[in-house]
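Data first, discussion second: the structure below is written as structure tokens.
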Ligand SMILES: C[S@@+](CC[C@H](N)C(=O)[O-])C[C@H]1O[C@@H](n2cnc3c(N)ncnc32)[C@H](O)[C@@H]1O
């Protein structure tokens, strides 16, 4: 599968995402406005938002050198665990011509998410539980990609359920090993999750340990 290549050449051709040394930026869809206090900078006369790998596992994944992340400009993404939209806001700038369906269970985070989505028209906020895809199915017209970041014991089952329910062709699972088993070596948990996904018929293209940015977390990039 062809994915977005986050190298300097594609950044020049389609500068929605820029990398300068160890710093990432996305092109600000709402110029003059920061989402969570991040720095705004002008690069070649265009405003970008600094994207910290300490605040976003997706930024960590890209900075750690993974170059085939399945996000295209027109991707339709089901984002599970959007919280108040820190990462989703940057993703909405990468997938500027697509749609992000942002599912969040916490009412408190959801309030901030709704406010954010008022100015970012390709983000749709959904108050819901990611383990119950039937509940938000009527709102999600189509999802090519499932992106999940929920620190839950059953996070792998929830990911698989959503991939299947929406017939997504790709997924990114941000897995927190300690939520599945607090005492087990994270590397063992990552290996077991990879085996489970494969046994369920999901092709695991990459497993990226997100340390030092996110301790005990790994990103699983999958295809279905
Ligand atoms: C680590 S935070 C997500 C951070 C966010 N992805 C970001 O990078 O900006 C995890 C979020 O998942 C949400 N969450 C946990 N279980 C959930 C569920 N079953 N359905 C939907 N959201 C859930 C939590 O409320 C929390 O906001």
When every residue in the range 90-121 that is within 18 Å of the chain's Cα centre (by Cα) and touching a residue at least 60 places away in the same chain (Cβ under 8 Å) is compared, the one nearest to the ligand (Cβ to nearest atom) is 90
When the range 110-126 is examined, which residues are found to be crowded, with 17+ Cβ neighbours inside 10 Å and either assigned to a strand (DSSP E or B) or out of contact with any strand residue (DSSP E or B) (no Cβ under 6 Å at 6 or more places or on another chain) (or both)?
112, 116, 120, 123, 124, 125, 126
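In this structure, is residue 105 over 21 Å from residue 137 (Cβ atoms) and in contact with a strand residue (DSSP E or B) (Cβ under 9 Å, 6 or more places away or on another chain)?
No, not satisfied.
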So, residue 214, is that one under 14 Å from residue 58 (Cβ atoms), touching a helix residue (DSSP H, G or I) at 6+ places or on another chain (Cβ under 9 Å) and not in a strand (DSSP E or B) or not?
yes
Any residue at all in the range 136-143 that's under 20 Å from residue 83 (Cβ atoms), in contact with a strand residue (DSSP E or B) (Cβ under 7 Å, 6 or more places away or on another chain), touching a residue at least 60 places away in the same chain (Cβ under 8 Å) and crowded, with 18+ Cβ neighbours inside 10 Å?
yes
Residue match in the range 46-68 (condition: closer than 30 Å to residue 165 by Cα, assigned to a strand (DSSP E or B) and more than 10 Å from the ligand (Cβ to nearest atom)):
no
Sort out which residues of the range 137-147 are over 15 Å from residue 203 (Cα atoms) and more than 10 Å from the ligand (Cβ to nearest atom), and write them in order of number.
137, 138, 139, 140, 141, 142, 143, 144
Unique match (being more than 14 Å from the ligand (Cβ to nearest atom) and either assigned to a helix (DSSP H, G or I) or modelled with pLDDT of 95 or more (or both)) among 150, 221, 172, 158:
221
Can we say residue 75 is away from the ligand (no atom under 14 Å from the Cβ), in contact (Cβ under 8 Å) with a residue 60 or more places away in the chain and in the same structural domain as residue 138 (by TED's automatic domain parsing)?
yes
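The values are calculated or read from the model by the stated rules, or taken from the named source; none is laboratory data. Keep in mind that what you see is a predicted model, and the values were worked out from it rather than measured. When we count neighbours, we look across all protein chains shown, and the Cβ atoms used for this are built from the backbone with ideal geometry, even at glycine.
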